[in-house]
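Q: Take this structure, written in C-alpha cells, and hold onto it; I'll ask about it next.
What follows draws every value from the coordinates through simple rules; no lab data is involved. No experiment lies behind these values; they were computed from the predicted model shown. Here the Cβ positions follow ideal geometry from the backbone for every residue, glycine too, while neighbour counts run over all protein chains shown.
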Amino acid sequence: MYAVGLEKGSHGLVVREIPKPFIESDNQVLVKVLQAGICGTDRNMIRWGEKDFPPGEDFLVLGHEAMGQVQVVGPGVKTLQPGDIVVPTVRRGCGQCACCLNGQSDMCCTGLYRERGIHKIHGYFTEYFVDDEEYLAKVPTGLADLAVLTEPLSISEKAISQLRTLQLRVLWLARHQEHQPGAKEWGHGKIALVIGAGPIGLLGTALLRLGDAETYVIEIVGEEHIKVQLIRELGAHYIDGRGKTVEDIVAEMGNPDIILEASGASKLALSLMPILARNGVYILTGIPRGEREVQLDGNLILRQMVRCNHLIIGSLNSNREHFVTALHDLARLRDTFGSVLDKVITHRYHLLDYQEAFQPKGSSELKVIFDMQRQQ
C-alpha cells in the first residue's frame, strides 16, 4: 500500500510503498482510512524539517487526524466490529507515569509518549492502519461526514474542559444553577475572546457558543473571508485585528472572562494577557515556531495576573475522553448551528494528489482533507 510522509535525506513530502499492516494481538483492529485531515503541525514538520522517525526507520508516515472503517477485529475486541466507523486518537502514553496509566496520556509526566504521524510512530496518510481498541472511538450513526474534524475539536474540548474545571474555584459567581461551570449553558453571562480563526479557533468558538458565552474572534482577514462568514454563522462577533491596538479591542468587547489563544502569534497572545477580567482564564493552544523577540510591559502583565487572580495555562493534545466528547458535541453543534461545521472543510483531495493538497489555496482555504474515496 502507499503512504505519504517524510523521508531521511529528502526535503518535503514523498510517497512510498509500505507493507499493509496486520493484526498481531487479540485487542487490535485493522482500519481502512477513509479521510485524513491536514493540520498546521503537518505543515510545520515539512517546513522546519522535523523528522522524528520511528526507532530504526528512515521514513515517517504523516497525518494525525483521521476517520476510517473497521475491517478486521482481534478476538479480544469487545466494542467494535467490521463496518464500524471510527476515529483514532493521536498520543500513545509512556506506560510509566500516573497520568498515562490512568487514560490521560495528554498530561504525560515523563515526556516519553509517542504520537501518531508526529513523534516516533506512523500516522494516517496511508491506506490502512492497525491500532489497539482503546485508541479508537466509535463514530455515532449520521456523523461520518464530520468525523474527520474530531481530532481538532478534541483539542478545543480539552481546553474548554480545563477552563470549566478551573472555574469551579469561583462557582458562586454563576447567577443561576444552570450557568455553573458544569452546566450545559456554563458560559452564559461571560465574555470570551478567541485569538485566531483556523480550524481549532473556529471549533473552539463553536464550543463557547454552545455554552452560551458571548464570543468575539480576532483575526486579520477581510469581511469577505470564509472565516468571518463562519464566525458570524456561529453567532460570534468578528474583530479585524489589523491596525487595532489592545485598547481598541477592549473598547469593542470589554474585558473578557475567557481568552482562548489558537493562533501561535506570540506578540498578540502576550499583549492581550493583561486585558483579562478579574478571575479570568487564559488558555494557550498555539505553538509558535522559530524565534521572535517581543517587547512588552512585564510589570503590567505580572501586576494584572496577581491583582486579578488570573489563570494562564497551556493546553496540548487530548485524550480518548476528549475524542468521545467531541463526537457527542459534533451532533449537538449540528443540531444547534445547522451546516456551519460542514463548511469548515473547504478542499478535498485524493491522497496521491498530496503535492497539490499542500499548496496554499488563498482566502478560500480553511480545512483541507484527503478523501480516499475521491477520484485522483
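Q: Counting only helical runs of four or more DSSP H residues, what would the 222 nm mean residue ellipticity of the chain come to if each run contributes -39,500 (n - 2.57) and the total is spread over all its residues?
A: Helix-only estimate at 222 nm: -7500 deg cm²/dmol.
Q: Could I ask something else about it? What's the extension gain from GLU356 to TRP172 if we count 0.36 nm per residue and subtract their Cα-Cα distance?
A: Here the segment from GLU356 to TRP172 would lengthen by 60.9 nm.
Q: Could you work out how far the C-alpha centroid of the range 235-305 sits from that of the range 29-70, in angstrom?
A: Result: 32 Å between the Cα centres.
Q: Separate question: Which one, LEU352, LEU327, LEU34, has the greatest fluctuation when you compute a Gaussian network model over the chain with C-alpha springs under 10 angstrom?
A: Ranking LEU352, LEU327, LEU34 by mean-square fluctuation puts LEU352 first.
Q: Right, next: Under 17 Å from the Cα of LYS227, which aspartates and glutamates turn up, not counting those fewer than eight places away in the same chain?
A: Excluding near neighbours in sequence, the set is GLU219, ASP240, GLU261, ASP342, GLU365.
Q: How would you rank 199-206, 314-321, highest first, on the average number of other Cβ atoms within 10 Å across their residues? Could you put the intermediate results ahead of the total?
A: On the way: 199-206: 27.5, 314-321: 19.0.
My ranking of the peptides, most packed first, is 199-206, 314-321.
Q: Of all DSSP beta bridges located in the chain, what percent are antiparallel, nearest 5?
A: 55
Q: Here is a further query. In terms of the Cα gyration tensor, with a ≥ b ≥ c the square roots of its eigenvalues, is the range 157-230 rounded because a/c is under 1.5, prolate because a/b exceeds b/c, or oblate? Write down the numbers at each step before the final one.
A: On the way: a/c = 2.79, a/b = 2.24, b/c = 1.25.
Prolate.
Q: Follow-up. Tell me the Rg and the Dmax, in Å, that the Cα atoms of the range 219-376 produce.
A: Taking only Cα atoms of the range 219-376, I get Rg and Dmax of 18.7, 59 Å.
Q: Can you give me the angle between helix 298-307 and the longest principal axis of the chain, using Cα atoms only, in degrees from 0 to 90, rounded to the nearest 10?
A: 80
Q: Most mobile of ASP297, ASP132, ASP353 per a Gaussian network model of the chain (Cα springs, under 10 Å)?
A: Looking only at ASP297, ASP132, ASP353, the biggest GNM fluctuation is shown by ASP297.
Q: Measure off 7 Å from each Cα along the Cα-to-Cβ vector at LEU270 and ARG348, then give the distance between these two points in nanometres to one decimal.
A: Going from the LEU270 label point to the ARG348 one covers 4.3 nm.
Q: Remind me, relative contact order of the chain in percent, using alpha carbon pairs under 8 angstrom and six or more residues apart?
A: Across the chain, relative contact order equals 16 percent.
Q: Measure up LYS158/LYS361; LYS120/LYS190; LYS120/LYS367; LYS51/LYS184 against 32 Å on the Cα-Cα distance and list the ones that go over. All intermediate terms of the calculation are to be shown ahead of the outcome.
A: On the way: LYS158/LYS361 29 Å; LYS120/LYS190 41 Å; LYS120/LYS367 25 Å; LYS51/LYS184 42 Å.
Beyond 32 Å: LYS120/LYS190; LYS51/LYS184.
Q: Pull out a ≥ b ≥ c, the square roots of the eigenvalues of the alpha-carbon gyration tensor of the range 237-298, then state rounded if a/c is under 1.5, prolate if not and a/b is larger than b/c, and oblate in the remaining case.
A: Prolate.
Q: Continuing with the same structure: Put a dot 7 Å past each Cα toward the Cβ at GLN71 and ALA144; how far apart are the dots in nm?
A: My value for the distance between the label points is 1.6 nm.
Q: Sorted by average packing, counted as other Cβ atoms within 10 angstrom per residue and highest first, what order do 147-158, 334-345, 187-198, 237-248 take?
A: Taking the mean over residues of other Cβ atoms within 10 Å, the ranking is 147-158, 187-198, 334-345, 237-248.
Q: Follow-up. Name the shape class, rounded, prolate or oblate, that the alpha-carbon gyration tensor gives for the range 153-314, where a ≥ b ≥ c are the square roots of its eigenvalues, rounded holds for a/c under 1.5, and otherwise prolate holds if a/b is larger than b/c and oblate otherwise.
A: Oblate is the answer for the range 153-314, as a/c is 1.5 or above yet b/c matches or exceeds a/b.
Q: A further question on this structure: Run the quick spin-label model on GLU291 and GLU24: label points 7 Å from Cα toward the beta carbon, then report their separation in nm to one decimal.
A: 4.2
Q: Placing +1 at every Lys and Arg Cβ and -1 at every Asp and Glu Cβ, with all other atoms neutral, what dipole size does the chain have around its Cα centre, in debye to the nearest 20?
A: Details: 39 positive and 46 negative charges, 120 e Å.
Its charge dipole is roughly 580 debye.
Q: Between GLU185 and TRP48, what FRET efficiency comes out of the Förster formula 1/(1 + (r/R0)^6) with R0 = 51 Å and r the beta carbon distance, rounded to 0.05? Spell out each step's value before the answer.
A: Details: r = 42 Å, r/R0 = 0.82.
Plugging the Cβ-Cβ distance into 1/(1 + (r/R0)^6) gives 0.75.
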